[in-house]
Each structure stands twice: as C-alpha cells, then as structure tokens.
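Take a look at the structure below.
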Amino acid sequence: MAKLEKMSKNDLAKQRAEMEAKLAEIRKAEAEYDGRRLKELKAEIEAMLAKEGYSLSDLMGGKSARKGGGAKAKAAPKFRHPENAAITWSGRGRQPVWYKEHMEKGGKPEDLAI
C-alpha cells in the first residue's frame, strides 16, 4: 500500500471504499459466526444433557433462562439485516450496529422491514 500522504484524492477515495467494503465483509462474517457458534454450543449442551437423560428445560427447572424466571414471549422480528437474512431485530431494545449504519447512510426503516 502506497503512503497515504502521497496519494491523490481519487486514490484515497478508492482506498477508503475498498476498506469499507472489506469492513462490511468482516462485520457480516462476525455476525454469522456468532449465530452459528451459539447453535453449535446449544446442540453440544443438549447432546450432553440427553446422554444423561435430561433436557434444557430440566436444567432450567422448567423456567426460562431470564433472571426473573418468568416466561415472556419473544417479540416477532420486524427488521432484517440487509446482507444476512438470518439476522433480525424486533425493534425493541438497543439498535443493532447494522441498523444504525443503515440509518446513518440515509436509509429508511422501511428498507429493512420484514
């Protein structure tokens, strides 16, 4: 990579665009990894429990994993990640990074609506 101080404005803009594209790829891979890894861990835990004749609900004492123990229905997803359809957000709680970035770039919530 050439020294940035010696690059023209067009070259700098091209370099920035390439880096932003690479960063978007990395973010997508991170999001996919997290979801995939959680599924793998859940399957491993379920297999370990099944080997001993138990289930996840047995482990949790028939309660949800939430601190209060009360079962609360999970909100239906309202928004979908623009590049990875497996990633969704219900519109409740903190906004995901991908949602914030979309809005900062001038996007509308309707663009991501399910």
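Annotations
- Within the listed set Tyr99, Tyr33, Tyr54, the residue fluctuating most in the Gaussian network model of the chain (springs between alpha-carbon atoms under 10 angstrom) is Tyr54.
- Average accessible surface for the chain: 84 Å² per residue, computed with a 1.4 Å probe over protein heavy atoms with every protein chain in place.
- Shown for the chain: the carbon plus sulfur share of the solvent-accessible area, taken with all protein chains present and a 1.4 angstrom probe, equals 54%.
- Backbone HN-Hα couplings from phi across the range 73-84 [Karplus 6.51/-1.76/1.60, Hz, Gly and Pro as x]: 5, 6, 5, 5, x, 10, 10, 10, 4, x, 10, 10
- Converting phi to 3J(HN,Hα) with the Karplus coefficients 6.51, -1.76 and 1.60 and the offset θ = phi - 60°, the range 35-46 yields x, 5, 5, 4, 4, 4, 5, 4, 4, 4, 5, 4 Hz in sequence order, with x at every glycine or proline.
- Pairs of lysines in the range 1-57 whose Cα atoms sit within less than 25 Å of one another amount to 11, provided the residues are eight or more positions apart or on different chains.
- Ile26 accessible area, assembled protein chains, probe 1.4 Å, Å²: 80
- For Lys78, the lysines whose Cα falls under 17 Å of its own Cα, not counting residues fewer than eight places away in the same chain, are Lys100, Lys108.
- Cα-based shape type of the chain, given that a ≥ b ≥ c are square roots of the gyration tensor eigenvalues and the cut on a/c is 1.5: prolate
- Surface calculation, 1.4 Å probe, protein heavy atoms: Leu59 sits at approximately 110 Å² accessible.
The values are calculated or read from the model by the stated rules, or taken from the named source; none is laboratory data. Predicted model only: the values in this text are computed from it and were never measured. The area values use the complete protein model at the heavy-atom level, side chains included, leaving out ligands, DNA and RNA. Shrake-Rupley method; radii C 1.70, N 1.55, O 1.52, S 1.80 Å.
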